[in-house]
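The values are calculated or read from the model by the stated rules, or taken from the named source; none is laboratory data. Please read these numbers as outputs of a predicted model, since none were measured by experiment. Quick reminder, even Gly has a Cβ in these numbers, built from the backbone with ideal geometry, and neighbours come from all protein chains shown. The area values use the complete protein model at the heavy-atom level, side chains included, leaving out ligands, DNA and RNA. Shrake-Rupley method; radii C 1.70, N 1.55, O 1.52, S 1.80 Å.
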Amino acid sequence: GQMLVTGRADDFRQEVTTNLERISLAMRHVALASLREATDPEAHRRLIDESLREHMTLVPEVTRLRQTDATGVVRFQGAERSSLGQQLGQDPVFVQARGAHHDGLLMGEPQFDQTQGRWKLPLAHRVEDHAGSFQGIVIGELDLAFFDRMIARRHLDPMDSLALRSTQLALLSRQTGRDERAQPIGTRRIAPPFAEALKTAPLRGTFTARNVFDGVERITAYSTA
C-alpha cells in the first residue's frame, strides 16, 4: 500500500509542478517586458499591455492578469481596464514579493470571490529593473476548480483521498472516492501524525492517521510541488 500511495502522490506532484511552472514562465515573460526599450512612456505601456494580453491567452486558467508599479498601484491590465488604479500595496503577496529576492512564482492564501462564488488563489511574480530593484508585481488569480478538475481526472476508490495544500498547509482542493461532506477550503487543520511527519521529512514522506474530517484511517503519502 505504501508504494502505491507514494507513486500516486509523486504523480500528482509532477502534474501540479508542470502546471505551476507553465504559469510561472508566462508571468516571468510579462515581468521581463518592463525591461524592453521604448521610445516614450506610452509606448512602454503598450509593450506591457500587449505582453499581458498575449500571456492571458497562454494561461487561460489565470484570470485578471495585471501588473502594479513599485507602490502597489495597478498600472497595466492588458485589454481590460477595470482594475487600473487598484491599490495592492497592503496585499500579502505584494508584501511578500517586495521583500523576497527570488525569481519564482509567489503564492498567496486562497480567497473566496463573492461576486463569482468561487475560490481563487493569488499567484504573483516579482518585477525588477536592470539593476534588480523592485518595480512591482505581475499578479493573477487561479480558480481553485482548476485543481478540482485535475483530481477528478484520477480514479479514486471509495476509501481513497487526494488533497492539495499550500506551503502554509491551507487546503486548496480535496476529493475522496465517495460523496461526503467537503472539507472547508482554506482550513489548516491536519492530523497530528502529518504534522510530525512534516517536521522530520518536509519534502516527501508517508504516515498513517485517521482523517480529521471523515474519521477514516489511511496510509497517506505526501510530496511537495
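A few notes on this one:
- Qualifying position, being within 21 Å of H102 (Cα to Cα) and either in a helix (DSSP H, G or I) or open to solvent by less than 30 Å² (accessible area, probe 1.4 Å) (or both), among R28, R53: R28
- Q77 being touching a residue at least 12 places away in the same chain (Cβ under 8 Å) and exposed (fewer than 15 other Cβ atoms within 10 Å of the Cβ): no
- Qualifying positions in region 38-82 - farther than 16 Å from I23 by Cβ, within 20 Å of the chain's Cα centre (by Cα) and hydroxyl-bearing (S, T, Y): T68
- Every pair of residues 6+ apart whose Cβ atoms lie under 6 Å, when the first sits in region 17-33 and is in contact (Cβ under 8 Å) with a residue 12 or more places away in the chain while the second is open to solvent by 70 Å² or more (accessible area, probe 1.4 Å): T17/A225; A26/L58
Residue-by-condition table, conditions (1) touching a residue at least 12 places away in the same chain (Cβ under 8 Å); (2) under 16 Å from S24 (Cα atoms); (3) open to solvent by 10 Å² or more (accessible area, probe 1.4 Å):
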residue	(1), (2), (3)
V59	yes, yes, no
R64	yes, yes, yes
S82	no, no, yes
Q86	yes, no, yes
A100	yes, yes, yes
G117	no, no, yes
